[in-house]
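Shown next, in structure tokens, is the structure this report addresses.
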Amino acid sequence: MSETRSARHAETGAASQPRRVVVVGGGPAAHRFVEALWRRGMDGLHITVLAEETHAPYDRVALSTALTGEVDLGLGEPLMWREPAIRLVTGERAVRLDLAARCVEGASGEKYAYDDVVLATGSDAVRLPLPGAEHAAVYRTLDDVQWLRSETSRLAAGLGREPHAVVIGGGLLGLEAAGGLQQLGAASTVVNRAGWLMNAQLDQGGGQALGRLISAKGLGIHCGGAPVAIQTDDDGGVTGVALGDGTVLPADLVVFAVGIRPRDELARAAGLEIAPRGGVVISAACETSMPGVWAIGEVASYDGVSMGLVAPANAMAEVCADGILGGVSTFPGFDTATKLKLSGVEVASFGDALAETEGSLEIVYADPARGLYQKLVVTDDARTLLGGIFVGDAAPYSALRPLLGRELPAEPGAYLSSAGGGDAPPSELPDDVILCSCNNVTAGACRSAVHGLGTDGSEGEPALDMPSLKACSRAGTQCGSCVPMLKKLLDSELTKAGRTVPKGICEHFAMSRPELFEAIQALDLASFQEILLRFGASEEAKAGHGCDICKPAIGSILATQRGEYVLDGGRGTLQDTNDRALANMQRNGTYSVVPRIPGGEITPQKLAVIAQVAEQFGLYVKLTGALRIDLFGARLEQLPEIWKILVEAGFESGQAYGKALRNVKSCVGSTWCRFGVQDSVAMAIDLELRYRGLRAPHKFKMGVSGCARECAEARSKDVGVIATDQGWNLYVGGNGGFQPAHAQLLAQDLDGPTLIRYIDRYLMYYIRTADRMQRTARWMDDLEGGLDHVRDVVIDDSLGIAADLEAAMARHVEHYEDEWAATLKDPDRLRRFRSFVNAPDAADQSIVLVEERGQRRPATQEEIDAGAARVGLGAVIPVRVPTGPAPGSLED
Amino acid sequence: MTELILQRPAPSSTRWAAVCRLDDLEECWGEAALVGREQIALFRLPGDQVHAVGNIDPRTRAAVMARGIVGSRGSLATIASPLHKEVYDLASGACLSGGEGLGAYPVRCVDGVVEVCIAA
């Protein structure tokens, strides 16, 4: 097949004679097809599109939005239609396909010669053969929709009341039409011959639940009765719809939405093979029975089925474009998953929703009171997902659909809302899920990289560790928040491939962070060099310098265990970007400064100091999400001057740069609030002052709410405290960020000292046993026994280490010293904040700032290229000359 | 003290520029230096080896390379960008994770003074 196609391509590929492709039809499939060719470049191609409607191709899927307003449903880029090698002939109906002469004849009489012809004539809306059917409208094209809009307002004006609209057909399209007509001001009723709505996609339970939801929205529903006639008055005006049971529904407007009939007349007349139920028979490559004739979209019949859905039409269009260019891609078959677009009603159906697979099991949860119906269809061993139906709450749908045909990672029932919070159990990420949203890398691409497969299927070096996986997939190289998920994926792929998962943190250490923590503590090691020589993974590692993975990890362990100033004793060189400067590096190499504001409580005098600093140093000011104030744009050499002012005013480091406690967020509590039951601000300040500066495997946050209203959002924190009448409830393991998690209740109604004791134990246990860069939620996920285990250790002291953990925390509290105050006291420490070794106070001239909304921000590369004005930098300070020879060579 | 730390053949249109004293540099703690109009990142490794590479991070154009973490990959001494953690070979400046490299400058130490070879 591929040879013949390539040969054909070669035959017509000469530049002098472009290959002529004629597309019959102007719907979304035609559009997608043309776009697919256009995007690949139009070299050697000429495309003619014959569109019957007078519009350029538009988005039929969004028709219901056009019903209620003037919207532009134009598809894709208008630019495409200006391409000289693409000719769009609107208002031209193809009347004959002449296979012998290889041309398409238009109603205008023009003949369009082709090398390839693509039939994309779509389908017609079916009108039931009823008496009076000619007076009914259909819901299919933009013209139909525009007619319905004007007709509804004409009727409303003429009748002086809301017009009655009856939509025949209770499928997806019918419901959308009825919903749209209702929005236009008509009283809409849906008539469906089957016993329930959307019977092609939903089972009885689902259809009935949907019916209740739709009724609640004020739409009329008649199921189980076929219409027998459309009644009209003498002038041909519609008056009602008669049903088989004798009922007559009053109607001023009747719309058919009962399905599609492929428009295969051209193909039939030309003698192409037609499917028994209509539609041009195509192969998986979208070729018809005649070489050079292709069919895509609703006119095509694949495996005996024509489908009125957009996704398969798009897929066919892509396959066909590829085939015409000599490719060999094939249509994967119909994906019938559907989601109803009707405001406020959630319906999803996918896979074998009606459980037609032999031996399949159905797990159903129905709550008619809440209008909820959820069902999963699984194989007879209850493992593999075959399909499902969600009515009322389709939240699990998007997570489940990619798992179709795969083994479910958890009990099927766990995915239904009945299981409680509705949080889907943790599962292996499907290939098409975006894992790294910064660089738009899917889980599948990362898996391929692990196995050394390029996205184009090429084979290369497998990526067996994090650095190489990050380098070749580009995942995790931007904001880094997906790194833990990437690591899990890597481990799981390596395990599946039968490789041992290196638990070592990097090439220099074959140990995990918890193992290193224990070992360093047991031997009381204090320097990286000692640790590397003792535990280095190989002779080469021992001879090396460590790396950006193991150095900060060990720096953090030493900080926790020794509680000493983090930049002393050679430990400065271990610190990660932000810890190194005790500030947060921003994209242009400047830093942001975050003073600690415990509990979010601050005096006006201190606020004024922050304002003064910002003004004096030209810093950009932004409130953080953690009740603090961030001052951006400080250069390295300015940090000590800034902190001198802040420390004198009583501020201390907020450790916004450290893998450490960030802040303790609180609401105003019982001091002011009329609902508060405890003093949440005082508790938050106590906690913040206790745990400030505590280094951990990852940053951590706390929150304290003064009552169950939870204004401090404590349950989104690693440690959340919520006041009760009797004391405090303690929640653990919550976080926001990339993978949000709700904190879980660890203990209830605690008094203050017990609360603090439990938090001491919890945090220290976390710090000792978590992996690097693992937040509390993921740590608890990975702990065998999870929350119960943590409760055993923290409350019941099942490991007998509670006293140790408390003592470690007591040491931290005792040795705490503000890092910035400590820095300012010591000239050796201050030396680390020089901009240049040979010009300690010179400003980095490469920093370019621009003004925006009254503040300064980094210029973008485009702005720099365009010669943005530099603001905010002082005069250039002359470069200092080092002691030694050749001073003349350092002039600037 | 006169010792040769690292010497590579310098192209003809270059000169040696004195930058700082060797004692100004702490082991494994990078420092930025201004040499003419150029920003250079200096790294002193154990055994008094000194490396000089461009201070501009190729990915972001920010002058931050001196503030990265010194490390090793196999037997190569490396520097990781403090912004997005690309890893560069300190000797050649090549990016080990694939991408634009840093410029590398010949360095020597004369009488305790670190000199970098730059374009004349």
For A:Lys825, which lysines qualify as cross-link partners when the Cα separation must be under 20 Å and same-chain residues fewer than eight apart are set aside? A:Lys644
Past the 20 Å Cα-Cα mark, which pairs from A:Lys503/A:Lys542; A:Lys551/A:Lys665; A:Lys470/A:Lys717? A:Lys551/A:Lys665; A:Lys470/A:Lys717
Can you tell me the alpha carbon radius of gyration of segment A:488-588 divided by the globular rule-of-thumb value 2.2 N^0.38 Å? 1.18
Under the rule of at least 5 residues apart or a separate chain, name every residue whose amide H is placed under 5 Å from the amide H of A:Thr442. A:Leu435
Shielding of B:23-34 by partner chains, average beta-carbon count, 10 Å: 6
For chain B: relative contact order, % (alpha-carbon pairs under 8 angstrom, 6 or more apart): 32 percent
Over both sides of the B-A contact, add up the buried accessible area with a 1.4 Å probe and give it to the nearest 100 Å². 4100 Å²
CD proxy at 222 nm, helix term only [per DSSP H run n ≥ 4: -39500 (n - 2.57); per residue of chain A; nearest 500]: -9000 deg cm²/dmol
Accessible area per residue in Å² at 1.4 Å probe, computed on segment B:14-119: 30 Å²
Using amide H atoms built in the peptide plane, which far-off residues or other-chain residues are under 5 Å from A:Leu88 H to H? A:Val49
Determine the percent antiparallel among the DSSP beta bridges restricted to chain A, to the nearest 5. 65 percent
Principal axis extents for segment B:14-119, Cα atoms only, whole Å, descending order, please. 37, 29, 19
Compactness relative to 2.2 N^0.38 Å, alpha carbon Rg of the protein assembly as shown: 1.15
Size of electric dipole in segment B:14-119: Cβ of Lys, Arg +1 and of Asp, Glu -1, about Cα centre, debye, nearest 20: 320 debye
Among all the aspartates and glutamates, which ones have a C-alpha under 17 Å from A:Lys496's C-alpha, if same-chain residues fewer than 8 places away are not counted? A:Glu407, A:Glu428, A:Asp431, A:Asp465
A:Tyr816 and A:Asp788 label points (each 7 Å along its Cα→Cβ direction) are spaced in nm at 3.5 nm
Roll a 1.4 Å probe over the protein chains and send me the accessible area per residue for chain A in Å². 43 Å²
Which percent, to the nearest 5, of DSSP beta bridges fully inside segment A:183-322 are antiparallel? 65 percent
Counting alpha carbon pairs within less than 8 Å and at least 6 residues apart, what relative contact order, in whole percent, applies to chain A? 6 percent
Within the accessible area of chain B, what % is carbon and sulfur when the probe is 1.4 Å and the other protein chains stay in place? 50 percent
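The values are calculated or read from the model by the stated rules, or taken from the named source; none is laboratory data. Every value quoted in this text rests on a predicted model; they were computed, and no experiment measured them. As a convention, Cβ positions derive from the backbone with ideal geometry for all residues, glycine included, and neighbour counts pool all protein chains shown. Just so you know, the surface numbers come from the protein's heavy atoms only, side chains and all, with ligands and any DNA or RNA stripped out. Shrake-Rupley method; radii C 1.70, N 1.55, O 1.52, S 1.80 Å.
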